[in-house]
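First up is the structure itself, then whatever we jot down about it.
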C-alpha cells in the first residue's frame, strides 16, 4: 500500500448549512481525518483538498447530476483531474442531515462519523472504490486502520451499532 509522501496540505472548507454548527471544530476534525487517511494511503501527492459541508438538498442535487441517483447521500467525492498535474486532490461534499441521522442510529458521535466519512471520501479521491467485494475489503481495511489510530471503533463491526 502506498505510504504518504506529503507532510503538509491545505484544506479549503466551505460550510453551507447551519446544522454543521453541531459539530465542534470542523477544521480540526478535517485535518485529523485527512492526516490519518494519508498515513494509511497516499498514491497521489497533493497540497490541497476542498470540503463542502452542506445539506441534504444540495447533496441530492449533486447525486442526481453526477451519479443519476435522485436521493441525498452522506458523502460524495470529486477527484481533480490527475493528468493536469495540479496538486489539488479534489472535493469532498457531505450532507448534514443524512450524517446526523446515521450517527444517531449508529449510536456514534457526530465527530467520529464525520471523521469516518472524510477518510472514506479521501480514499475515493485517491482512486479507491468499493464497487466489488475485493475493492470494498481494501477500502474498509484502510478506513478501519486509520480510524483505529484515532481511537475510533470499526464502523463496519455490526456489534458496535
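The values are calculated or read from the model by the stated rules, or taken from the named source; none is laboratory data. Keep in mind that this is a model prediction, so the values were computed, not measured. Positions of Cβ are generated from backbone atoms using ideal geometry, with glycine treated the same way; all protein chains shown enter the neighbour counts.
Listed values, structure above:
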| item | result |
| --- | --- |
| Hits in segment 137-161 - residues which are assigned to a helix (DSSP H, G or I) and at pLDDT 95 or above | 137, 138, 139, 140, 141, 142, 143, 144, 145, 146, 147, 148 |
| Tally of residues being closer than 15 Å to residue 75 by Cα and in a helix (DSSP H, G or I) across segment 101-132 | 19 |
| Hits in segment 134-161 (condition: within 24 Å of residue 44 (Cβ to Cβ) and surrounded by fewer than 18 Cβ atoms within 10 Å (Cβ to Cβ)) | 134, 135, 136, 137, 138, 140, 141, 145, 148, 149, 150 |
| Subset of segment 74-87 (residues that are at pLDDT below 95 and either crowded, with 18+ Cβ neighbours inside 10 Å or in a loop (DSSP other than H, G, I, E, B) (or both)) | 80, 81, 85, 86, 87 |
| In segment 33-73, the residues that are at pLDDT below 95, in contact with a strand residue (DSSP E or B) (Cβ under 6 Å, 6 or more places away or on another chain) and either part of a helix (DSSP H, G or I) or surrounded by fewer than 17 Cβ atoms within 10 Å (Cβ to Cβ) (or both) | 48 |
| Contacts under 8 angstrom Cβ, first residue in segment 130-149 being touching a residue at least 40 places away in the same chain (Cβ under 8 Å), partner surrounded by fewer than 16 Cβ atoms within 10 Å (Cβ to Cβ) and in a helix (DSSP H, G or I), 6 or more apart | 146/39; 149/39 |
| Residues located in segment 90-129, provided they are over 22 Å from residue 56 (Cβ atoms) and without any contact (Cβ under 8 Å) to a residue 24 or more places away in the chain | 129 |
| Identity of the residue in segment 10-24, part of a loop (DSSP other than H, G, I, E, B) and modelled with pLDDT under 90, that ends up surrounded by the most Cβ atoms within 10 Å (Cβ to Cβ) | 23 |
